[in-house]
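The values are calculated or read from the model by the stated rules, or taken from the named source; none is laboratory data. Predicted model only: the values in this text are computed from it and were never measured. Note: ideal-geometry Cβ built from the backbone for every residue, glycine included; neighbour counts use all protein chains shown. Accessible surface areas use protein heavy atoms only, side chains included; no ligands, DNA or RNA. Shrake-Rupley method; radii C 1.70, N 1.55, O 1.52, S 1.80 Å.
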Amino acid sequence: MSGVVAAGAHQTGESVIFWVLAVASVAAALGMILVRKVVYSALLLAVVMLSLAVFYAVNEAPFLAFVQVIVYTGAVLMLFLFVVMVVGVSSTESMVETIRGQRVAAAVAGIAFVALLILGFGHATLPATTGLKDANAAGGNVLGLARLIFTKYVFAFEVTSALLITAALGAMVLAHRERITPKPTQRQLSEARIRSDRVSPLPPPGTYARHNAVDMPALLPDGTVSELSVSPVIARRRGGTHEDLHGELPEVAAKHEATTLRAVVERQVEVDSKVEEKEK
Amino acid sequence: MTGHYLVLSAILFTIGGVGVLIRRNAIVIFMCVELMLNATNLAFVSFSRMHGTLDGQIIAFFVMVVAAAEVVVGLAIIMAIFRSRKSSSVDDANLLKY
């Protein structure tokens, strides 16, 4: 940790770190708001947060750097990814504008806002950087922060605990779902199954020479595709073509597989009969 | 060097703000809000170093705590809306519009 903090003392080392990570974090932030898929957005946000953690370390805030990695990149982003996993189905949004020209207007407003802020910073006279050597001297950064939290900011700290308990309760209440109907017993389930059209288990997905993915449908004896062999969840989510199917739909690929197999079997039968003739 | 950090903080904050304006997926909008909070934290930390006191770092710490609580409740709300409307687009939750 002391090595990281010491890097703040060297101006050249700090500017190298700054320029590399500033470019990386701004690029990742821009990518985050421009990519279509939510998972990519979350991963790019992780890049921004990790580079901010390095900035904190360089700015003589080692405790915050670790909290940034543990709380933000560890907990908050995992929570985001977890929700993306649950919400997943509609996580790719359409990029059609609801209000015409909104995107251009937002970009112009953003550029104007940045220009305004940077102009403001340019006109402000910032005092010379004091550095945190004195503040961190007695026992280090963590002890200094603890001393402040439990004396000057102890009320805010206590209020924080109330906030965290409220947030935990609120999340539980919001995510809780009441069961409206009683849970079906095993007897009811089996009776319902006997009464339904299909008593046997559902057919498994198709297994072919080249493909055995779960979204490959099985073929019925007459060569048609069995809809029941693919889970409806997968069938609904399968937007278009398979990547390793060379631009074909799984149904078409399955039929090709079956045709190839049939041709191979027929040729084998032919060869076999010729061999039998020769033997005679 | 403080000026550099402030400019970077301003740029990241604005990117987050533009993201809130142009995206319509509630989860991405939430991520953009997180980005804005992180950008302000960077400004706090560099100010703390400039003044030579730890108060800025304490404020950044409290911002992180509040942001964590906010994420938990916000994502629970997004899940609840998704359950009833089967969509996480902010355009679809418009019952209070008229």
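In the set A:THR125, A:THR129, A:THR160, which member is in contact with a helix residue (DSSP H, G or I) (Cβ under 6 Å, 6 or more places away or on another chain), part of a loop (DSSP other than H, G, I, E, B) and under 30 Å from B:ILE15 (Cα atoms)?
The unique qualifying residue is A:THR129.
Going by the conditions given, is A:LEU119 open to solvent by 90 Å² or more (accessible area, probe 1.4 Å), under 38 Å from the mean Cα position of the chain (by Cα) and of a type outside the set (Val, Ile, Thr)?
Yes: the conditions hold for A:LEU119.
Answer with yes or no whether A:GLY131 is out of contact with any Leu (no Cβ under 8 Å at 6 or more places or on another chain), touching a residue at least 60 places away in the same chain (Cβ under 8 Å) and at the interface with another protein chain (Cβ under 8 Å from one of its Cβ atoms).
Here the answer is yes, as A:GLY131 does meet what is asked.
Tell me, please, whether a residue that is surrounded by fewer than 22 Cβ atoms within 10 Å (Cβ to Cβ) and either aromatic (Phe, Trp, Tyr) or outside the structural domain of A:LEU21 (by TED's automatic domain parsing) (or both) can be found in the range A:47-60.
No, the range A:47-60 has no match at all.
Cβ-Cβ distance below 8 Å, separation of 6 or more or different chains: which pairs start in the range A:59-86 with a residue that is over 30 Å from B:ILE81 (Cβ atoms) and more than 7 Å from chain B (Cβ to nearest Cβ) and end on one that is surrounded by fewer than 20 Cβ atoms within 10 Å (Cβ to Cβ) and modelled with pLDDT under 90?
Correct list of pairs: A:PRO62/A:MET1; A:PRO62/A:VAL4; A:PRO62/A:VAL142; A:PHE63/A:VAL142; A:ALA65/A:VAL4.
If the requirement is being of a type in the set (Val, Ile, Thr), within 7 Å of another protein chain (Cβ to nearest Cβ) and either crowded, with 24+ Cβ neighbours inside 10 Å or more than 22 Å from A:ALA146 (Cα to Cα) (or both), which of these qualifies: B:VAL45, B:VAL33?
Unique residue meeting the criteria: B:VAL45.
Report yes if A:LEU77 is outside the structural domain of A:ARG36 (by TED's automatic domain parsing), part of a helix (DSSP H, G or I) and either open to solvent by less than 50 Å² (accessible area, probe 1.4 Å) or modelled with pLDDT of 90 or more (or both), otherwise no.
no
How many of the residues in the range A:144-157 are modelled with pLDDT of 90 or more, in a helix (DSSP H, G or I) and open to solvent by 50 Å² or more (accessible area, probe 1.4 Å)?
3
If I go through the range B:17-29 residue by residue, how many of them are more than 7 Å from chain A (Cβ to nearest Cβ) and surrounded by 20 or more Cβ atoms within 10 Å (Cβ to Cβ)?
Matching residues across the range B:17-29 total 2.
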